[in-house]
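Trainee: Just dropping this structure here.
The values are calculated or read from the model by the stated rules, or taken from the named source; none is laboratory data. Because the structure is predicted, anything quoted here is derived from the model rather than measured. Every residue, glycine as well, gets a Cβ built from its backbone with ideal geometry; the counts of neighbours run over all protein chains shown. Side chains included, ligands, DNA and RNA excluded: accessible areas come from the protein's heavy atoms. Shrake-Rupley method; radii C 1.70, N 1.55, O 1.52, S 1.80 Å.
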Amino acid sequence: MAQKLLLLGDEAIAQAAIDAGLSGIYAYPGTPSTEITEYVQKSKEAKEKGIRSNWSANEKTAMESALGMSYAGKRAMVCMKHVGLNVAADPFVNSAITGANGGIIVVAADDPSMHSSQNEQDSRALGKFALIPVLEPSNQQEAYDMVHYGFEISEKYHTPVLLRITTRLAHSRAAVERKPSIPQNEMNLPKNLRQFVLLPAIARRQYKDLLAHQQDFVKESETKGFNKYYEGIDKSLGVIASGIAYNYLMENYPDRNIPYPVIKVSQYPLPKLMLEKMYNECEKILVLEDGYPVIEELIRGALDNGKKIMGRLSGEVPRDGELNPIIAAKALGIFKDIIKNVPSIVAQRPPSLCAGCPHIESVKFINAVLNPQYTKGRVFSDIGCYTLSALPPYETINSCVDMGASITMAIGAADAGIVPAVAVIGDSTFTHSGMTGLLDAVNNNSPITVVILDNSTTAMTGGQDSSAFGHLENICKGVGVKEEHIRVLDPVKSREEENAKIFQEELNYNGISVIITRRECIQTLSKKAKQKRGN
Ligand SMILES: Cc1ncc(C[n+]2csc(CCOP(=O)(O)OP(=O)(O)O)c2C)c(N)n1
Ligand code: SF4
């Protein structure tokens with residue numbers, strides 16, 4: 001009998017990849033995708049099978065490493081949060097032109113409602129942009145099954161496949177039935193030696209191949225994949241529900257007795273024949289999708305030819321934020337007020353730095369120097385636990401846009417005359433995408449002070465290894481920061497005055513200086529201590 005496991009959506013994807021002959025998983029952490037790679041890293045089975053699973057420096061390097069694995073004919077998975085797909089966009093879009101050799105699945109975990117993100121962009125749009133098949137599971141079992149199918153079509157059509165999930169699916173559990181394990185592919189180099197050489201003449205030819213495959217992708221969507229047309233007797237409405245939105249729709253019909261025709265969309269390009277059938281037989285169409293109105297916009301078209309299409313654009317569904325069963329019920333006109341009072345214990349609390357966090361001492365000495373004298377000075381920050389210093393009681397930082405933007409924004413601000421222009425960046429974010437900005441600063445001789453908060457981990461996403469570990473001083477020296485302007489400080493209370501003095505010295509220097517504040521995150525420290533004690 002097939003084994004059943006109780007798995008998070010993320011874990012179902014990881015287990016499926018292990019079972020489907022994965023040879024390597026490449027990723028940079030980012031909520032809600034992190035648990036996929038962590039599951040493979042902790043899996044005994046993955047270890048025995050020799051599946052490679054170390055963290056990459058960023059999403060672009062992860063995507064490219066996976067492409068190298070695919071080049072060798074083996075199966076690879078790349079995982080990231082939605083904004084990570086922006087970082088990986090160059091190799092991601094170009095991998096559609098090279099095509100895959102061994103199967104390659106790119107998992108993008110979207111975060112509608114921005115529970116832990118800067119935006120709520122929808123990765124389906126990027127999948128369409130790259131012209132590749134997109135899979136969008138509606139539950140954990142489907143997430144598991146789609147990984148097997150995704151690798152199959154990736155190898156059948158020599159295309160990367162995008163698997164798009166959202167937070168609630170990634171982070172909720174359900175029983176998942178496993179399939180029998182498949183062995184890993186043997187090394188099998190591309191027959192066409194130029195497949196991965198995107199010189200214009202080759203790229204033009206391969207782009208035509210990709211365009212020709214679009215019909216195959218639609219046929220798969222229409223007939224062999226995960227899209228379904230369910231008949232209904234009441235044709236006053238047709239419902240299109242994609243991914244987890246199908247789950248939310250069905251939660252309103254516990255006996256599964258929905259009167260309207262329903263298209264469950266879990267695969268793109270969209271199943272054109274199914275859409276045409278619904279469009280012709282139903283008076284109105286309601287589109288439920290978690291994220292952007294991708295489907296709604298496509299079927300409405302630029303000229304909206306009359307049939308009433310309801311969804312996020314027409315206002316029946318809120319334009320932003322994640323969906324849930326109540327929003328689906330309201331859009332269907334069957335909403336009954338069943339919301340219970342939220343107990344006070346689950347009331348929202350503002351996030352804050354942990355008591356004893358090393359970042360606290362760093363922002364304190366920054367504030368101690370900047371606040372009294374430099375009212376026009378600004379602190380450009382990056383993304384990490386230290387971003388919380390935007391909030392009271394510290395209110396230290398003035399920006400947080402994307403990973404790496406602290407140093408480069410400080411460069412532009414200094415060019416514009418802001419004095420002092422300070423950049424604050426974590427160790428993991430520095431090696432993700434701060435290093436190249438530092439090189440710009442060196443080449444411009446920008447008068448900026450960069451504070452690298454080295455807590456020896458990627459704390460914000462749960463304490464994954466940091467690629468920066470043991471390398472920071474050498475990287476800074478290597479890109480050309482003068483050795484005497486690389487200062488390493490211990491961010492502890494007893495040294496606040498001394499640290500403030502050094503910070504002031506570097507602010508006075510009219511060039512690029514780097515201050516590394518080094519003390520381990522207390523959470524990873526206590527995790528290690530617990531592991532040592534064996535509990
Ligand atoms: C492109 C992108 N990838 C991943 C993330 C998720 N993420 C937010 S902060 C962060 C790294 C934090 O590490 P670090 O800079 O060392 O700071 P710490 O949290 O340890 O203080 C990550 C991975 C993101 N926001 N954007
Ligand atoms: S997890 Fe670590 S780095 Fe983040 S706030 Fe807590 S102690 Fe600070």
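Trainee: Would you mind stating whether residue 334 is at negative phi and in a helix (DSSP H, G or I)?
Mentor: Details: at negative phi: yes; in a helix (DSSP H, G or I): no.
Against the criterion (at negative phi and in a helix (DSSP H, G or I)), residue 334 does not qualify.
Trainee: Restricting attention to segment 23-42, which residues are buried (at least 18 other Cβ atoms within 10 Å of the Cβ) and more than 20 Å from the chain's Cα centre (by Cα)?
Mentor: Residue satisfying the conditions is 23 alone.
Trainee: Only one of 383, 345, 366 is within 13 Å of residue 459 (Cβ to Cβ) and among the hydrophobic types (A, V, I, L, M, F, W, C). Can you tell me which?
Mentor: On the way: 345 fails: within 13 Å of residue 459 (Cβ to Cβ); 366 fails: within 13 Å of residue 459 (Cβ to Cβ).
Result: 383 is the single residue among 383, 345, 366 that is within 13 Å of residue 459 (Cβ to Cβ) and among the hydrophobic types (A, V, I, L, M, F, W, C).
Trainee: Please find, among 62, 72, 96, 88, the residue that is closer than 26 Å to residue 202 by Cα, within 16 Å of ligand 1 (Cβ to nearest atom) and either open to solvent by 10 Å² or more (accessible area, probe 1.4 Å) or out of contact with any Gly (no Cβ under 9 Å at 6 or more places or on another chain) (or both).
Mentor: On the way: 62 fails: either open to solvent by 10 Å² or more (accessible area, probe 1.4 Å) or out of contact with any Gly (no Cβ under 9 Å at 6 or more places or on another chain) (or both); 72 fails: within 16 Å of ligand 1 (Cβ to nearest atom); 96 fails: within 16 Å of ligand 1 (Cβ to nearest atom).
Step by step, each of 62, 72, 96, 88 is checked, and only 88 is closer than 26 Å to residue 202 by Cα, within 16 Å of ligand 1 (Cβ to nearest atom) and either open to solvent by 10 Å² or more (accessible area, probe 1.4 Å) or out of contact with any Gly (no Cβ under 9 Å at 6 or more places or on another chain) (or both).
Trainee: For segment 478-535, which positions are open to solvent by 90 Å² or more (accessible area, probe 1.4 Å) and over 35 Å from the mean Cα position of the chain (by Cα)?
Mentor: So the first thing to find is which residues in segment 478-535 are open to solvent by 90 Å² or more (accessible area, probe 1.4 Å), and the list is 482-484, 493-495, 497-498, 501, 508, 510, 523, 527-528, 530-533, 535.
482, 483, 484, 493, 494, 495, 497, 498, 501, 508, 510 - these are the residues of segment 478-535 that are open to solvent by 90 Å² or more (accessible area, probe 1.4 Å) and over 35 Å from the mean Cα position of the chain (by Cα).
Trainee: Among the residues of segment 162-208, write down those that are open to solvent by less than 50 Å² (accessible area, probe 1.4 Å) and aromatic (Phe, Trp, Tyr). Step through it out loud before you land on a result.
Mentor: Of all residues in segment 162-208, those open to solvent by less than 50 Å² (accessible area, probe 1.4 Å) come to 162-167, 169-170, 172, 174, 176, 178, 185, 190, 195-196, 202-203, 206.
Result: 196, single match.
Trainee: Let me spell it out: the conditions are (1) more than 18 Å from residue 476 (Cα to Cα); (2) part of a helix (DSSP H, G or I); (3) open to solvent by less than 20 Å² (accessible area, probe 1.4 Å); (4) among the hydroxyl-bearing types (Ser, Thr, Tyr), and residue 387 meets all of them except one. Which number is the exception?
Mentor: For residue 387, the failing item is (3).
Trainee: Using the structure shown, decide if residue 57 is touching a residue at least 60 places away in the same chain (Cβ under 8 Å), under 15 Å from the mean Cα position of the chain (by Cα) and under 28 Å from residue 246 (Cβ atoms). Don't jump to the end; show me each part of the working.
Mentor: Details: touching a residue at least 60 places away in the same chain (Cβ under 8 Å): yes; under 15 Å from the mean Cα position of the chain (by Cα): yes; under 28 Å from residue 246 (Cβ atoms): no.
Spelling it out, it is not the case that residue 57 is touching a residue at least 60 places away in the same chain (Cβ under 8 Å), under 15 Å from the mean Cα position of the chain (by Cα) and under 28 Å from residue 246 (Cβ atoms).
Trainee: Right, something else. Looking only at segment 77-126, how many residues end up being free of Cβ contacts under 8 Å to residues at least 24 places away in the same chain and within 16 Å of ligand 2 (Cβ to nearest atom)?
Mentor: Residues meeting the conditions: 0.
Trainee: Hey, another quick one. Just for strands (runs of 3 or more DSSP E) wholly inside segment 221-301: which have at least 3 residues that are crowded, with 21+ Cβ neighbours inside 10 Å?
Mentor: Working: elements: 228-230, 237-242, 262-265, 284-288.
Where strands (runs of 3 or more DSSP E) fall fully within segment 221-301 and carry at least 3 residues being crowded, with 21+ Cβ neighbours inside 10 Å, they are 237-242, 262-265, 284-288.
Trainee: Next question, about the same structure. What tally of residues in segment 12-34 results from selecting those that are closer than 22 Å to residue 463 by Cβ, without any contact (Cβ under 8 Å) to a residue 60 or more places away in the chain and not hydroxyl-bearing (Ser, Thr, Tyr)? Full working, then the answer.
Mentor: Taking segment 12-34 first, the residues closer than 22 Å to residue 463 by Cβ are 13-14, 25-34.
Still in the running and without any contact (Cβ under 8 Å) to a residue 60 or more places away in the chain: 14, 25-27.
So of that shortlist, the ones also not hydroxyl-bearing (Ser, Thr, Tyr) come out as 14, 25, 27.
The number of residues fulfilling the criteria is 3.
Trainee: If you check 441, 416, which single one turns out to be free of Cβ contacts under 8 Å to residues at least 24 places away in the same chain, away from ligand 1 (no atom under 16 Å from the Cβ) and among the hydrophobic types (A, V, I, L, M, F, W, C)? Outline the logic, then answer.
Mentor: Numbers: 441 fails: free of Cβ contacts under 8 Å to residues at least 24 places away in the same chain.
After ruling out the rest, the residue left standing is 416.
Trainee: Hey, another quick one. Between 347, 302, 368, 355, which is under 30 Å from residue 431 (Cα atoms) and without any contact (Cβ under 8 Å) to a residue 12 or more places away in the chain? Walk me through how you get there before you give the answer.
Mentor: Working: 347 fails: under 30 Å from residue 431 (Cα atoms); 302 fails: under 30 Å from residue 431 (Cα atoms); 368 fails: without any contact (Cβ under 8 Å) to a residue 12 or more places away in the chain.
Matching residue, one of 347, 302, 368, 355: 355.
Trainee: Now a separate question. Identify, from the list 493, 528, 532, the residue that is more than 16 Å from ligand 2 (Cβ to nearest atom) and charged (D, E, K, R). First the steps, then the outcome.
Mentor: Values: 493 fails: more than 16 Å from ligand 2 (Cβ to nearest atom); 528 fails: more than 16 Å from ligand 2 (Cβ to nearest atom).
The match here is 532.
Trainee: Still on this structure, I have one more. State whether the residues of segment 426-444 include one that is within 16 Å of ligand 2 (Cβ to nearest atom), modelled with pLDDT of 95 or more, among the polar types (S, T, N, Q) and more than 20 Å from residue 477 (Cβ to Cβ).
Mentor: No, segment 426-444 contains no residue that is within 16 Å of ligand 2 (Cβ to nearest atom), modelled with pLDDT of 95 or more, among the polar types (S, T, N, Q) and more than 20 Å from residue 477 (Cβ to Cβ).
Trainee: Output the residue which, of all residues in segment 340-370 that are more than 13 Å from ligand 2 (Cβ to nearest atom) and under 28 Å from the mean Cα position of the chain (by Cα), is most open to solvent (accessible area, probe 1.4 Å). Before you say what the answer is, go through the steps one by one.
Mentor: The first filter runs over segment 340-370 and keeps only residues more than 13 Å from ligand 2 (Cβ to nearest atom), leaving 340-350, 364-370.
Imposing the further condition that a residue be under 28 Å from the mean Cα position of the chain (by Cα) reduces the set to 346-350.
Details: 346: 89, 347: 51, 348: 181, 349: 163, 350: 107 Å².
The qualifying residue most open to solvent (accessible area, probe 1.4 Å) is 348.
Trainee: Please give the number of the condition residue 366 fails out of (1) closer than 30 Å to residue 268 by Cα; (2) touching a Phe, Trp or Tyr at 6+ places or on another chain (Cβ under 8 Å); (3) β-branched (Val, Ile, Thr).
Mentor: (1)
Trainee: Looking at (1) buried (at least 24 other Cβ atoms within 10 Å of the Cβ); (2) within 16 Å of ligand 1 (Cβ to nearest atom); (3) more than 18 Å from residue 360 (Cβ to Cβ), which is the one condition that is false for residue 448?
Mentor: (2)
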